[in-house]
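The values are calculated or read from the model by the stated rules, or taken from the named source; none is laboratory data. Only a predicted model underlies this, so the values are computations on that prediction, with no experimental measurement involved. Here the Cβ positions follow ideal geometry from the backbone for every residue, glycine too, while neighbour counts run over all protein chains shown.
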Amino acid sequence: MKKLMLFGMLMIYAFTGNTQVIVNEVNINDLDIKYVELVGRSKLNPTKIKVIVDYGQPFSFRSQAIRGINGEKTAFNSMIDALNFMEANGWEFVSNYVIYSDTEVTTRYILRKKDSK
């Protein structure tokens with residue numbers, strides 16, 4: 001019985017935890033928006049990539065980074081890692097483009113909620 005109860009609790013956690021993309025303490029999956037832009041910046045020789053989310057929010061000096069439930073910034077190994085995270089949380093790829101500078105590469109992905117076609 002305990003195993004069944006534990007399994008049930010884990011399933012509830014998996015379903016509720018899988019639908020949260022937290023930006024500026026806001027779960028963007030709960031907002032009435034259809035599109036977001038993932039912006040990834042890395043140095044030319046990166047170990048991790050900095051990913052922020054633009055969902056049309058007002059300008060703020062606060063970080064637009066994706067945060068976990070514990071409030072810590074989520075670190076991504078690559079833009080594909082971030083894209084897989086967003087896809088697992090209800091977003092799908094629409095388009096992307098890359099901007100190169102002397103010291104930085106900026107990759108931008110346009111995503112849309114899966115249920116809003």
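How do the pairs read when you match residues in the stretch 52-78 that are free of Cβ contacts under 8 Å to residues at least 24 places away in the same chain and among the charged types (D, E, K, R) with residues anywhere that are part of a loop (DSSP other than H, G, I, E, B) and surrounded by 15 or more Cβ atoms within 10 Å (Cβ to Cβ), using Cβ under 8 Å and keeping only pairs 6 or more apart or on different chains?
From the stretch 52-78, the pairs are ASP54/GLN64.
Regarding ILE66, is this residue under 16 Å from GLU87 (Cα atoms), modelled with pLDDT of 75 or more and assigned to a loop (DSSP other than H, G, I, E, B)?
No, not satisfied.
Restrict the check to the stretch 48-57 and report whether at least one residue is of a type outside the set (Gly, Ala, Ser), at pLDDT 85 or above and assigned to a loop (DSSP other than H, G, I, E, B). If you could, list the steps in order and put the result at the bottom.
Step one: filter the stretch 48-57 for residues of a type outside the set (Gly, Ala, Ser), giving 48-55, 57.
With the extra rule that they be at pLDDT 85 or above, the set shrinks to 51-55, 57.
Now restrict to residues that are assigned to a loop (DSSP other than H, G, I, E, B): 55, 57.
Scanning the stretch 48-57 turns up at least one residue that is of a type outside the set (Gly, Ala, Ser), at pLDDT 85 or above and assigned to a loop (DSSP other than H, G, I, E, B).
Answer yes if at least one residue in the stretch 12-27 is over 18 Å from the mean Cα position of the chain (by Cα), of a type in the set (A, V, I, L, M, F, W, C) and modelled with pLDDT under 90, and no otherwise. Steps first, answer last, please.
Just the residues of the stretch 12-27 that are over 18 Å from the mean Cα position of the chain (by Cα), to begin with: 12-13.
The next check asks that each one be of a type in the set (A, V, I, L, M, F, W, C); those that pass are 12.
Adding the requirement that they be modelled with pLDDT under 90 leaves 12.
Scanning the stretch 12-27 turns up at least one residue that is over 18 Å from the mean Cα position of the chain (by Cα), of a type in the set (A, V, I, L, M, F, W, C) and modelled with pLDDT under 90.
Right, ARG41: modelled with pLDDT of 85 or more, farther than 19 Å from GLN20 by Cα, surrounded by 14 or more Cβ atoms within 10 Å (Cβ to Cβ) and charged (D, E, K, R) or not?
no
Please specify each residue of the stretch 93-115 satisfying the condition of being loosely packed, with under 11 Cβ neighbours inside 10 Å, part of a loop (DSSP other than H, G, I, E, B) and either touching a strand residue (DSSP E or B) at 6+ places or on another chain (Cβ under 7 Å) or of a type in the set (S, T, N, Q) (or both).
Within the stretch 93-115, SER101, THR103 meet the criteria.
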